[in-house]
Every structure is written in structure tokens, then in C-alpha cells.
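The values are calculated or read from the model by the stated rules, or taken from the named source; none is laboratory data. This is a predicted model, so every value here is computed, not measured. No Cβ is skipped: glycine too gets one built from the backbone with ideal geometry, and neighbour counts run over all protein chains shown.
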Amino acid sequence: MIPKQCLIIKERMRPFSMGIATIFEQRNIAYLYFLTLFSRIVDVFSNITFPSCDIVVLGDSMIDYIRRSEFGLLDVAKDQVIQIYDEPITRFLERLAHQKLSTLSGIIEGTKRALKIKSKPPLYFGVSLLLMQIQSIRSETAYLINYFAVARTVQLPGNEVLIYYKSGHVTKYRGYGTFLRQWESANRILRYLEELERI
């Protein structure tokens, strides 16, 4: 016997479910909730056109953060919105580097040599974009934060940090020590560039 709540949910989800709900008729209500949510997500994503994107990060526009979502897509927070790109993070960063007449590998290797950093060097793309690799660009959970976009941070219990951006975005990250190390590396890059200007 199917609980009454399940029947109600099944009726509501019929336009989304494509008949798959019958598989779960003998299961509990949690399966139907999950299926409803999943079907709606698929429906939403099927109506989105992902830009293959020409990137413009000039003028007043500033990237807050870039991260790979659980769906394997790229979330780019910029101008108080989150833009979604269906491409690898390295390709996205490579195009940013080309705008500065450089390459991603050139930026990475140059920073490693200049600052003697062995892994996860911050990526300097110019006066408004210095990306701290909170999670490596090679990681499945890649997460980059723009140093220049951060307004303030608040340390939370449990090794978490709350990050407030100048645009109004707010994110939370578990790994306060990692964030601090990346912040210090970004400061080292800026000090290094200031010294070069004095020469």
C-alpha cells in the first residue's frame, strides 16, 4: 500500500518524472522527494544555454570566485551574479591569461620560481584579479578566490571561514588555515611586484 503523501507527490511530479516514479512505488517518501528535486534540476538545466564564452574582465567588472560545482560545471561569481560555464577550469583560466598576452603555465611557473612556491601558487592576472587556489585547479573541487574582491573575513568555529566580497557575495569555506596560507602567498606576490617597480 502506497502512503497517501506519496500519491500526492507522484501526481505533482508527473510532468517532470517521465514515468520513472512507478519504479519507486513500494519505496518510502524520501525517494519521491529526491526524484522530484532531481527531475526539476534536469528540467532547469535543459533550458539553460551555457556560454562557450568570450571572457571580459575589464573595467569595473571583477570576479569574486571561481569554483567547480558538484555537477562538473564552472561557477564564476561576478557582478553580483553567478555565471555558469560548461568547460574545464584550465581552459577558462587559459583565456584569462591570453587576455594578458600570457599563458596559464607561464603564470604558474613564473610565480613558483619568483616566490619559491612548490604547489598551488596564487595566479596573478592583473590589478583586479589575483586568484588564490583554495582548492587546486587540478582538483575535482577546484576553488579560486580573487584576493582583490575580498572585503573581510570572519573566522568561525570548526576551522571555517566566512568570506565577504565587495560585490555582496558571501561564501563559507572549511579550511581557515588553507585560506590564511593562500592570503599570505598573495601578499608575497604583491610585495614582489612592488619591489620590481622600484628597480
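Key figures
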item	result
Extreme residue, farthest from Glu94 (Cα to Cα), among residues of segment 127-136 that are touching a residue at least 60 places away in the same chain (Cβ under 8 Å) and either outside the structural domain of Arg95 (by TED's automatic domain parsing) or assigned to a strand (DSSP E or B) (or both)	Gln135
Tally of residues being touching a strand residue (DSSP E or B) at 6+ places or on another chain (Cβ under 6 Å) and farther than 19 Å from Gln83 by Cα across segment 134-146	2
Identity of the residue in segment 117-126, closer than 13 Å to Gln182 by Cβ and free of Cβ contacts under 8 Å to residues at least 60 places away in the same chain, that ends up surrounded by the most Cβ atoms within 10 Å (Cβ to Cβ)	Leu123
Options Ala77, Ala114, Ala97: the member that is more than 15 Å from Ile189 (Cβ to Cβ), of a type in the set (Gly, Ala, Ser) and in contact (Cβ under 8 Å) with a residue 60 or more places away in the chain	Ala77
Residue match in segment 157-168 (condition: part of a strand (DSSP E or B), closer than 28 Å to Arg95 by Cβ, in contact with a Phe, Trp or Tyr (Cβ under 7 Å, 6 or more places away or on another chain) and of a type in the set (Ser, Thr, Tyr))	no
Some residue of segment 74-89 being assigned to a helix (DSSP H, G or I), at pLDDT 50 or above and surrounded by 14 or more Cβ atoms within 10 Å (Cβ to Cβ)	yes
Pair list, Cβ under 6 Å, 6 or more apart: segment 180-199 residue in contact (Cβ under 8 Å) with a residue 12 or more places away in the chain, other residue surrounded by 11 or more Cβ atoms within 10 Å (Cβ to Cβ) and assigned to a helix (DSSP H, G or I)	Ala186/Tyr147; Arg188/Leu115; Tyr192/Ala114
Number of positions in segment 92-149 that are closer than 16 Å to Ile63 by Cα and among the polar types (S, T, N, Q)	4
